[in-house]
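What follows is a short report on a single structure.
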Amino acid sequence: MILEKGTPAPEFELHSTPDQKLKRSDFLGKNLILVFYPADWSPVCGDQVTLYNEMLSIFHKYNADILGISVDSSWCHDAFMGDRKLHFPLLADFNPKGEIAKKYGVYNEENGTSKRALFVIDKEGTIQWSYLSPDGINPGADGIIDALENLK
């Protein structure tokens, strides 16, 4: 069951590169968008993260950072980020596989990937909006923008 509004966002510490990690608490004091997605290199995921990359300046106007999370390794993320020219971190929920997706209620046990889910977390670390999208559908950014607007 996906975590809902009003729930404290679970802490995590995941690799953003093969030799660096990021924690959710690193972003306290800023709004945070978490994007869980099934896999790098899939058509829908690629389109989704490319859209968010193009919207970074809009997210920043809301004092929001964005992190992508999937069960791919940090090496896979590094190649994918370079290919897509992404300017926000992708985190590897790789080992133990899907541990953070499970904490947020968005792990797909059937195929061993993250479900396609979005979270907006406020500067105090509380989930203010969450959305679970069908895996084959790009959820876009309208819901994220609406949730950020409601934080004002």
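The values are calculated or read from the model by the stated rules, or taken from the named source; none is laboratory data. Every value quoted in this text rests on a predicted model; they were computed, and no experiment measured them. Positions of Cβ are backbone-derived with ideal geometry, glycine not excepted, and every protein chain shown enters the neighbour counts. Side chains included, ligands, DNA and RNA excluded: accessible areas come from the protein's heavy atoms. Shrake-Rupley method; radii C 1.70, N 1.55, O 1.52, S 1.80 Å.
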Can you list residues whose amide H is under 5 Å from Asp72's amide H, if they're 5+ apart or on another chain and H is modeled 1.01 Å from N? Asp40, Asp93
Förster radius 30 Å - calculated FRET efficiency between Trp75 and Lys123 (Cβ-Cβ, nearest 0.05): 0.40
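Accessible area per residue of the chain at 1.4 Å probe, in Å²? Don't skip to the answer; put the middle values down first.
Details: 7380 Å² over 152 residues.
Computed with neighbouring chains in place, this is 49 Å² per residue.
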Computed accessible area, Arg116, all protein chains, 1.4 angstrom probe, square angstrom: 10
For the modelled label position 7 Å from the Cα of Glu149 along Cα-to-Cβ, which residues of segment 10-35 have backbone nitrogen atoms closer than 14 Å? none
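If you rank Asp47, Asp40 by how much accessible surface each has, with a 1.4 Å probe, what is the order from largest down?
Working: Asp47 90, Asp40 10 Å².
So, going from the largest accessible area down, we get Asp47, Asp40.
Using only the Cα atoms, what convex hull volume per residue in Å³ does segment 1-69 have?
On the way: hull volume 8.3 nm³, N = 69.
Spelled out: Cα convex hull of segment 1-69, divided by residues, is 121 Å³.
Calculate what fraction, in whole %, of the accessible area of segment 31-150 sits on carbon and sulfur atoms when a 1.4 Å probe is rolled over the protein chains.
Working: 2630 of 5210 Å².
Carbon and sulfur together cover 50 percent of it.
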Of Lys102/Lys123; Lys5/Lys102; Lys103/Lys152; Lys23/Lys103; Lys23/Lys97, those spanning more than 25 Å from alpha-carbon to alpha-carbon: Lys103/Lys152
So which aspartates and glutamates pass the test for Lys21, namely a Cα distance under 17 Å, with those fewer than 8 places away in the same chain ruled out? Glu11, Glu13, Asp65, Asp72, Asp78, Asp93, Glu99
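Which number comes out as Rg/Rh for the chain once both Rg and the Kirkwood Rh are worked out on C-alpha atoms? Let's see the in-between values first.
Numbers: Rg = 13.8 Å, Rh = 15.1 Å.
Result: Rg/Rh = 0.92.
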